[in-house]
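S.K.: Sharing a structure here in structure tokens format.
Nothing in this text is a laboratory measurement; each read-out follows from the coordinates by a stated rule. Nothing here was measured: the structure is a model prediction, and the numbers come from that model. Heads up, the Cβs are rebuilt from the backbone with ideal geometry, glycines too, and the neighbour counts pull from every protein chain shown.
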Amino acid sequence: MKKIDYEKTIEALEGEVWPPSSYDSRTVQRIHQLRRVKMSDLEPEDLRLLLTQSVGIPLIVERVVAILMEDPWIETDFYPGDLLLACLRRLDHDWGEATALKTTLVDRCRVELARDTAAAGPSHQHRRAIEDALDHYTT
């Protein structure tokens, strides 16, 4: 796998500078900002937002999976497991050179779901959404 320079921004790594957005949306404005932040400075919540908007997936997914291997139920902004669910919902996207990590993530997720993690894990509703995302993914 090609080593990603985490001291660079998504803009620099993609070699594409987006023009300023005229769309008056907090999410769109934030995505534009995050593309100009050094990869090493992106927080888990930033990564979740980039994932949900399908921005920079091949560049950020290795770091996202590393975070999820440490704590699959990490709560970034909304609920335990929100980063995991965002990542699982992007399994059908191109992960670039990190494609092999899909299997690693799915396997870890299945192990965690098999454990009795009700106290530390997602709510029943979010657990079901995670299970649905796994069901839709075929390795």
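S.K.: Hey, in the GNM for the chain with a 10 angstrom Cα cutoff, which one of Leu47, Leu85, Leu13 fluctuates hardest?
M.R.: Of Leu47, Leu85, Leu13, the Gaussian network model singles out Leu13 as fluctuating most.
S.K.: For the stretch 3-47, what class follows from the C-alpha gyration tensor (a ≥ b ≥ c being the square roots of its eigenvalues): rounded when a/c is under 1.5, otherwise prolate if a/b is larger than b/c, else oblate? Show your work: numbers first, answer last.
M.R.: Working: a/c = 3.50, a/b = 1.48, b/c = 2.36.
Verdict is oblate for the stretch 3-47.
S.K.: Next question, about the same structure. Suppose every Lys and Arg Cβ carries +1 and every Asp and Glu Cβ carries -1, with no other charges. What dipole size does the chain come out with about its Cα centre, to the nearest 20 debye?
M.R.: In debye, rounded to 20, the chain gives about 100.
S.K.: Note down the nm distance, to one decimal, between modelled labels 7 Å out along Cα→Cβ at Glu75 and at Arg30.
M.R.: Placing both labels 7 Å along Cα→Cβ, they lie 1.7 nm apart.
S.K.: If I model a spin label as a point 7 Å beyond the Cα along the Cα-Cβ vector, how far apart are those points for Asp94 and Arg110 in nm?
M.R.: 2.8 nm
S.K.: For the stretch 52-139, which trypsin sites (Lys or Arg not before Pro) are in a loop by DSSP, counting at most 13 other Cβ atoms within 10 Å? The partial results should precede the final answer.
M.R.: Values: sites: Arg63, Arg89, Arg90, Lys102, Arg108, Arg110, Arg115, Arg127, Arg128; in loops: Arg89, Arg90, Arg115.
Those that pass, being in a loop and sparsely packed, are Arg115.
S.K.: At q = 0.11 Å⁻¹, what is the base-10 log of I(q)/I(0) for the chain according to the Debye formula with one equal point scatterer per Cα and no solvent? Please give it to two decimals.
M.R.: Debye curve over Cα of the chain, log10 I(q)/I(0) at q = 0.11 Å⁻¹: -0.41.
S.K.: Along the charge dipole of the stretch 10-136, which of Ile57, Phe78, Val37 sits closest to the positive end, that is, farthest toward it, with unit charges on the beta carbon of Lys, Arg, Asp and Glu (+1, +1, -1, -1)?
M.R.: Phe78
S.K.: Sequence gap at least 6, Cα distance under 8 Å: using those rules, report the relative contact order of the chain to the nearest whole percent.
M.R.: 21 percent
S.K.: Let me ask something additional. Choose one answer from Asp24, Asp94, Asp82: the residue with the largest mean-square fluctuation in a GNM of the chain with alpha-carbon springs under 10 Å.
M.R.: Top of the fluctuation ranking is Asp24.
S.K.: At 222 nm, what helix-only mean residue ellipticity would the chain give, in deg cm²/dmol to the nearest 500, using -39500 (n - 2.57) for each DSSP H run of four or more?
M.R.: For the chain, the value works out to -15000 deg cm²/dmol.
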